[in-house]
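The values are calculated or read from the model by the stated rules, or taken from the named source; none is laboratory data. Values in this document were obtained by computation on a predicted structure and should not be read as measured data. Counting neighbours? That spans all protein chains shown, and the Cβs are built from the backbone with ideal geometry, glycine included.
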Amino acid sequence: MPELPEVAYQKKYVDATILHKKIVKVETGDKKIYQSDKSDFEETLANNQFTGSERLGKYLFLNLEKNGGLVVHFGMTGKLEYYQHDEVPKYAQLTLTFEDHSRVSFTCPRKFGKLYLAENLAEFQKANDLGVDALALTKEQFFEILEGKTGTIKGLLMNQKLIAGIGNLYADEVLFQSKIHPTTKVDKLSEEEKQEIFKEIEKVLEVVKEARVEGKKLPKSYLTTARKKDAECPRENGEIEQIKVSGRTTYFCPTCQKERS
DNA sequence: GCAGCTGTTAGTGG
DNA sequence: CCCACTAACAGCTG
């Protein structure tokens, strides 16, 4: 459940399910998920309640009535599940029982997720060196971030310290929509190309977020729908290629996205 | 059986 | 310091 659009969906989900209910029981799981002592989480959450939520990049901040809030990072497989029955879902790493007997579990099979306690989101952002949220990014901020960078554009887009919220999938999508080769060095981009990438960051994330939140499919013109070996380019310009960029599997169309010499 | 995967981080090396 | 690459984390899928 990881990149910005999927976390936006989780935000909508918790807003509709777990707010304003008193937490009467806290059950914690594997210590590695918890970024501070489990006892701190138990003490903070018990007899408390969530009053709202905020998203920053791939992180979800669940505001508590007292003592700050709970921050969730979903890793690659984490999600929040709200339910009324007794069986706790498999791979639950945190389960909260509310006064009305309903429950929420943070499940995380691969245990790449993380839970934090924080005073507020701004403090958390600072403490964890997170960049500006990809959907709050202004053109001026984006151009400033690009200034003086020498690495690949894909590596930059995925760097959470610079821009928070874009991962492997949507970095590829933004570059496909912008018709820019993923290994293009940032200092080789023209002003028009930078402008185009900025425009597509906002567009791609809005379109995917809308699709995730409303449970709709992605447009056929999206690379994300053709993200596998031997797939056809959505613009029918040949076969999609797979390479490694910044250590991550990368899909692109060699015809639409020309490599820089 | 084995490789690969929507994420992050530590370590290495250029 | 910046950047690229690798391995590691753990479970599931093809």
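Number of residues in the range A:124-144 that are away from DNA strand B (no atom under 16 Å from the Cβ) and out of contact with any helix residue (DSSP H, G or I) (no Cβ under 8 Å at 6 or more places or on another chain) equals 5. Looking at the range A:176-187, can you tell me whether even one residue there is crowded, with 22+ Cβ neighbours inside 10 Å, more than 22 Å from A:Lys12 (Cα to Cα) and within 16 Å of DNA strand B (Cβ to nearest atom)? Yes: the range A:176-187 contains one or more residues that are crowded, with 22+ Cβ neighbours inside 10 Å, more than 22 Å from A:Lys12 (Cα to Cα) and within 16 Å of DNA strand B (Cβ to nearest atom). Among the residues of the range A:223-233, what is the count of those that are surrounded by 13 or more Cβ atoms within 10 Å (Cβ to Cβ), without any contact (Cβ under 8 Å) to a residue 24 or more places away in the chain and either touching a strand residue (DSSP E or B) at 6+ places or on another chain (Cβ under 6 Å) or not in a helix (DSSP H, G or I) (or both)? Total meeting the criteria: 2. Filtered by the rule that a residue be part of a loop (DSSP other than H, G, I, E, B) and under 14 Å from A:Phe74 (Cα atoms), the range A:1-53 gives A:Met1, A:Pro2, A:Glu3, A:Gln35. Of all residues in the range A:1-48 being polar (S, T, N, Q) and away from DNA strand B (no atom under 16 Å from the Cβ), which is surrounded by the fewest Cβ atoms within 10 Å (Cβ to Cβ)? Across the range A:1-48, the extreme among qualifying residues is A:Ser39. I'd like to know if the range A:200-222 contains one or more residues that are touching a residue at least 40 places away in the same chain (Cβ under 8 Å), within 16 Å of DNA strand C (Cβ to nearest atom) and on the phi < 0 side of the Ramachandran plot. Looking for residues that are touching a residue at least 40 places away in the same chain (Cβ under 8 Å), within 16 Å of DNA strand C (Cβ to nearest atom) and on the phi < 0 side of the Ramachandran plot, one finds none in the range A:200-222, hence no. Every listed requirement among (1) within 13 Å of DNA strand B (Cβ to nearest atom); (2) assigned to a loop (DSSP other than H, G, I, E, B) is met by A:Leu205 save one, (2). Could you tell me whether A:Glu147 is over 28 Å from A:Ile243 (Cβ atoms), acidic (Asp, Glu) and away from DNA strand B (no atom under 14 Å from the Cβ)? No; evaluated as a whole, the condition is false for this residue.
When restricted to residues that are among the charged types (D, E, K, R), closer than 17 Å to A:Ile166 by Cα and over 21 Å from the mean Cα position of the chain (by Cα), the range A:181-236 contains 2. Set side by side, the residues A:Ile243, A:Ile201, A:Ile197 differ, and just one is crowded, with 17+ Cβ neighbours inside 10 Å and over 30 Å from A:Ala16 (Cα atoms), which is A:Ile197.
Go over the candidates A:Phe106, A:Phe112 one by one and state the one that is in contact (Cβ under 8 Å) with a residue 12 or more places away in the chain, touching a Gly at 6+ places or on another chain (Cβ under 6 Å) and within 27 Å of A:Gly131 (Cα to Cα). Please lay out each step first, then the result.
Values: A:Phe106 fails: touching a Gly at 6+ places or on another chain (Cβ under 6 Å).
One residue alone meets the criteria, A:Phe112.
Can you tell me which residue in the range A:69-121 is farthest from DNA strand C (Cβ to nearest atom), limited to those that are aliphatic (A, V, I, L, M) and modelled with pLDDT under 95?
Checked the range A:69-121; the qualifying residue farthest from DNA strand C (Cβ to nearest atom) is A:Val88.
In this entry, A:Tyr91 passes the filter for residues that are touching a Cys at 6+ places or on another chain (Cβ under 8 Å) and assigned by TED's automatic domain parsing to the domain that holds A:Glu27. Applying the criterion of being surrounded by fewer than 20 Cβ atoms within 10 Å (Cβ to Cβ) and within 16 Å of DNA strand B (Cβ to nearest atom) to the residues of the range A:62-77, the residue that is farthest from the chain's Cα centre (by Cα) is A:Thr77. Within the range A:78-101, being surrounded by 14 or more Cβ atoms within 10 Å (Cβ to Cβ) and either of a type outside the set (Ser, Thr, Tyr) or on the phi > 0 side of the Ramachandran plot (or both) holds for A:Gly78, A:Lys79, A:Leu80, A:Glu81, A:Val88, A:Pro89, A:Tyr91, A:Ala92, A:Gln93, A:Leu94, A:Leu96, A:Phe98.
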